[in-house]
Amino acid sequence: MNKKNFLSNFRITYNAPATLTFSIIAAAVLLLNTILHNSLIPAFFTCPGASSDPAFNPSNILDYFRLLFHIFGHSNWNHFLGNMAFILLLGPVIEERYGSALLILMMTITSLVTGVLNVCFSPSQLLGSSDIAFMMILLTSFTTISKSEIPLSFILILILYIGREILSAGQNESISTLAHIAGGICGSMFAFLATPKPKTRQKTEKAAKTSQEDSKKTKTLKTWSNQKEPESSSDKTEEIGSIEL
């Protein structure tokens, strides 16, 4: 009975609607692609490149669909799991801070920017949500809301991230370096431009005010104790002097 009561207190919640829905759609697309013998993703969820075969056709409406929705297509389950490991880990944190609607807008802009850059400059086709994953990596590296400060962690991650992409460029044709860099740039831009939800901002401001008040109280107590010590020593001298008299 105690075990049943203990388990009944827990329930599964759909805590991050945008992140979870994105992951479910991507998994469903890959599963259907497997069932249909790898014919779904190449037809609908692969963004063409500048000189790929077939290349991007401005008069083909389907190419615009591929331009935006390439993030739901993955080459295999390892590719899918590698991206979802980052997205399911970082997505709920971002969604809690910025809200589901703003996260969807960020993912849409990142997908569109990456697709356009791939069509204009990349010779290969593009598929997968690597640009979304790296957008989230750069976005979550910001730990402060203040737009006048740049965290050192962000600078280090940016240097390591771009350096790794430059060094790995050309070593593996199946990995789109352009998509990774574009996603990272979008994430860094969102970190400066996006505003957290009011509740999150209020909690952060409240915590900052509390810490400032605590520091002020500590300084006041130290000042008061420093001022009190000379007074107490002079009082003792007067008492001793009166006794000797």
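The values are calculated or read from the model by the stated rules, or taken from the named source; none is laboratory data. Worth saying up front: this structure is predicted, and the values here are computed from it rather than measured. Don't worry about glycine lacking a Cβ; one is built from the backbone with ideal geometry, like all the others, and counts go over all protein chains shown.
Can SER111 be described as closer than 16 Å to HIS180 by Cβ, among the hydroxyl-bearing types (Ser, Thr, Tyr) and out of contact with any strand residue (DSSP E or B) (no Cβ under 6 Å at 6 or more places or on another chain)? Spell out the reasoning first.
On the way: closer than 16 Å to HIS180 by Cβ: yes; among the hydroxyl-bearing types (Ser, Thr, Tyr): yes; out of contact with any strand residue (DSSP E or B) (no Cβ under 6 Å at 6 or more places or on another chain): yes.
Yes.
Of all residues being at pLDDT below 75 and of a type in the set (S, T, N, Q) in the stretch 120-163, which is surrounded by the fewest Cβ atoms within 10 Å (Cβ to Cβ)? Just the residue, please.
The selected residue is SER148.
Please go through (1) crowded, with 16+ Cβ neighbours inside 10 Å; (2) among the polar types (S, T, N, Q); (3) assigned to a helix (DSSP H, G or I) for SER75 and return the number of the only condition it doesn't satisfy.
Of (1) crowded, with 16+ Cβ neighbours inside 10 Å; (2) among the polar types (S, T, N, Q); (3) assigned to a helix (DSSP H, G or I), only one is false for SER75: (3).
Quick check, is VAL93 farther than 15 Å from ALA26 by Cα and either over 17 Å from the mean Cα position of the chain (by Cα) or of a type in the set (Phe, Trp, Tyr) (or both)? Even if it seems obvious, please write down each step before you answer.
Working: farther than 15 Å from ALA26 by Cα: yes; either over 17 Å from the mean Cα position of the chain (by Cα) or of a type in the set (Phe, Trp, Tyr) (or both): no.
Criteria not met by VAL93.
Consider ILE61 carefully, then state whether it is closer than 17 Å to GLY187 by Cβ and surrounded by fewer than 15 Cβ atoms within 10 Å (Cβ to Cβ). Talk me through it step by step, then tell me what you get.
On the way: closer than 17 Å to GLY187 by Cβ: no; surrounded by fewer than 15 Cβ atoms within 10 Å (Cβ to Cβ): yes.
Considered against the rule, which asks whether it is closer than 17 Å to GLY187 by Cβ and surrounded by fewer than 15 Cβ atoms within 10 Å (Cβ to Cβ), ILE61 comes out as no.
List pairs: first in the stretch 48-76 and closer than 23 Å to THR19 by Cα, second part of a loop (DSSP other than H, G, I, E, B) and not polar (S, T, N, Q), Cβ under 6 Å, 6+ apart or cross-chain?
Pairs found: PHE69/PHE45; HIS70/PHE45; HIS70/LEU127; PHE72/PHE45; GLY73/PHE45; GLY73/LEU127; HIS74/GLY128.
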